[in-house]
Amino acid sequence: MNNDATSLGIERPDFAAIAAWIPTGASVLDLGCGDGSLLRYLKEKRAVRGYGVEINDRDIVSCIVNGVSVIQNNLDSGLSDFEDNAFDFVILSQTLQATRHTEALMQEMLRVGREGIVSFPNFGHWRNRLSIMLGNMPVSRVLPYQWYDTPNVHLCTLDDFEDFCGAHRVTVLERRVMSGKREVRALPNLLGSTAVYRFERAV
Amino acid sequence: MSDSVGIVSAQRATFDTPLVFRSGASLPRYELVYETYGKLNAAKSNAILICHALSGHHHVAGYYQDDPKNIGWWDNMVGPGKPIDTNKFFVLGVNNLGGCHGSTGPSSINPETGQPYGANFPLITVEDWVESQARLADRLGIRQFAAIVGGSLGGMQAMQWSLIYPDRVRHVFAIAAAPNLTAQNIAFNDVARNAILTDPDFHGGNYYQHKVVPTRGLRLARMLGHITYLSDDAMANKFGRGLRSGQFNYSYEIEFEIESYLRYQGDKFASYFDANTYLLMTKALDYFDPAHDFDGDLNQAFSRAEANFLVISFTTDWRFSPQRSHEIVQPLLHNRRNVSYAEIDSTHGHDSFLTQHAQYFAVMRAYLDNVSRECAA
């Protein structure tokens, strides 16, 4: 599952995109941090000071193995251990779609962090649209779950996410859309499989 | 057993420099008994101090040649190849001052009077223990511990170390602990103390001279304490409403299995533990409050800490619940300390910290592997 965290870090295309936005020495909170490979990657590449939040028992052990400070907690019960503006960046990497109280969590991210970064699989990707048009829920490398056995309860498209930000006083600062490792510029909501957003509270 | 430290023996250190307690009282001279396992490396950088809880002592692991059934209280955690690996670490277990397992305590003879200290033994705090342990560390040539590890009251000592001697501990393990006692915790302790204090055999704490022991009070105190160490679920699973004779006898004799269990635990404890020590330990728990000197501000109290922390709680622990551990994590986050927190899904209540639980041990092992790599570096 996490035999080589660093190689995993290189493989995940959103990691490089996220790292590109984070200046050296920043403070980072990684929500749903999994085995801690992103934080480890950011520690190695950007010398960040950071913590992860994770609920899964096995991931907690992996984080510790990876030398990452991790707090075992459920994201849906809030970020009550963390103070206002405690971090430069709060990251939610490939986890947004699996959170139950997504609205509240987005607000919490911008309470404890100056900026938020989320990455998520784009449900509007043409393969997903095609799959549904042909009659089945999509199953792919980015969305590897069967409909009856998925942690993903709040899937969205790029347009959905941007509408959400507009309606919730969240200002998008930057966006990167990818298909595999390639950056997508034209028709992102159709051609992008993964999106990464950087955002802040609207003033 | 290849994973046991094997035959161990207790050692004794005598201190002739007076120790002044937080209360203002002092002891001119005292002794501490301790055990060590593993080897202190040349850099003296691989020492781990194990702090014990209310009824614990220095005999943490292994067994005695003349008493092979007397196995250390944390033998499942400490030994060769175990999470606290004695192949890698030099492990120190000490009986706290005021204890009843060989260190100077209320049942020891006061050299000034030739009688046991009894009621004259000063009330002790967690800070006083840290001070006495630090002197033992000096004696053993340990300038800085790789880690200080403790469960419950032991976790409080580990935390206190990082506040009094920030540069003498690299990693603090606060397991099933709390930053202070709640009113409910203190209430339980007070009922336990009252059971002892009102026992006619207590004699104001000087029962030794009367050749009696306040057994009734001590066993009641232990029975009450024991309830708080177990979870409702654990009791339900182990005893439920089980009846010893399978039927109601309409008497005050033991009928339910849980009654039998608690009385057995109470009797066993009262046969070897000193009532004055029990009183001291519960008061040390009540007094523990690092925020006390900072107008209740735990953030400020922890601003002194430099160590990295591992905080562990257990889901069914209602004595020091997971929420209490979050209260330890929060000031550490506030002060930007390295802290990891694991909440272990266990059915065994507060006593979970003494059980061999796969996830708990995996967390301990992973963290300690990193600690040992630092020692080697």
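What the table shows:
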{"read-out": "Test result for B:PHE361, within 25 Å of B:GLU127 (Cβ to Cβ), among the hydrophobic types (A, V, I, L, M, F, W, C) and either surrounded by fewer than 24 Cβ atoms within 10 Å (Cβ to Cβ) or more than 10 Å from chain A (Cβ to nearest Cβ) (or both)", "value": "no"}
{"read-out": "Matching option when the condition is outside any loop (DSSP other than H, G, I, E, B) and on the phi < 0 side of the Ramachandran plot, among B:ILE142, B:ILE148", "value": "B:ILE148"}
{"read-out": "Residue ranges of helices (runs of 4 or more DSSP H) in the range B:234-336 with at least 1 members within 14 Å of chain A (Cβ to nearest Cβ)", "value": "B:298-301, B:322-334"}
{"read-out": "Check on A:THR150, away from every other protein chain (no Cβ under 14 Å), in contact with a helix residue (DSSP H, G or I) (Cβ under 7 Å, 6 or more places away or on another chain), of a type in the set (Val, Ile, Thr) and closer than 30 Å to B:THR315 by Cβ", "value": "no"}
{"read-out": "Residue in the range B:323-345 that is among the polar types (S, T, N, Q) and touching a Cys at 6+ places or on another chain (Cβ under 8 Å) present", "value": "yes"}
{"read-out": "Tabulated pairs, the range A:66-94, first within 11 Å of another protein chain (Cβ to nearest Cβ) and outside any loop (DSSP other than H, G, I, E, B), second surrounded by fewer than 20 Cβ atoms within 10 Å (Cβ to Cβ) and among the basic types (Lys, Arg), C-beta under 8 angstrom, 6+ apart or interchain", "value": "A:PHE87/A:ARG114"}
{"read-out": "Residue among A:ARG100, A:ARG114 that alone is more than 13 Å from chain B (Cβ to nearest Cβ), surrounded by fewer than 21 Cβ atoms within 10 Å (Cβ to Cβ), modelled with pLDDT of 95 or more and touching an Asp or Glu at 6+ places or on another chain (Cβ under 7 Å)", "value": "A:ARG114"}
{"read-out": "Given (1) out of contact with any strand residue (DSSP E or B) (no Cβ under 6 Å at 6 or more places or on another chain); (2) under 20 Å from A:THR102 (Cα atoms), index of the condition A:THR171 fails", "value": "(1)"}
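Conditions tested, residue by residue: (1) among the polar types (S, T, N, Q); (2) free of Cβ contacts under 8 Å to residues at least 24 places away in the same chain; (3) surrounded by 17 or more Cβ atoms within 10 Å (Cβ to Cβ); (4) over 19 Å from A:ASP59 (Cβ atoms).
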| residue | (1), (2), (3), (4) |
| --- | --- |
| B:LEU310 | no, no, yes, no |
| B:ARG319 | no, no, yes, yes |
| B:GLN330 | yes, no, yes, yes |
| B:GLY349 | no, no, yes, yes |
| B:SER372 | yes, no, yes, yes |
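Residues are listed down the side, and each one gets a yes or a no for (1) over 21 Å from the mean Cα position of the chain (by Cα); (2) free of Cβ contacts under 8 Å to residues at least 24 places away in the same chain; (3) closer than 22 Å to B:LEU280 by Cβ; (4) buried (at least 20 other Cβ atoms within 10 Å of the Cβ):
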| residue | (1), (2), (3), (4) |
| --- | --- |
| B:ASN70 | no, yes, no, no |
| B:ASP75 | no, no, no, no |
| B:ILE84 | no, no, no, yes |
| B:LEU97 | no, no, yes, yes |
| B:CYS100 | no, no, yes, yes |
| B:ILE109 | yes, yes, yes, no |
| B:ALA119 | yes, no, yes, no |
| B:ASP128 | no, no, yes, yes |
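The values are calculated or read from the model by the stated rules, or taken from the named source; none is laboratory data. Keep in mind the model is a prediction, meaning the values are calculated, not measured. Here Cβ is always computed from backbone atoms with ideal geometry, including for glycine, and neighbour counts include all displayed protein chains.
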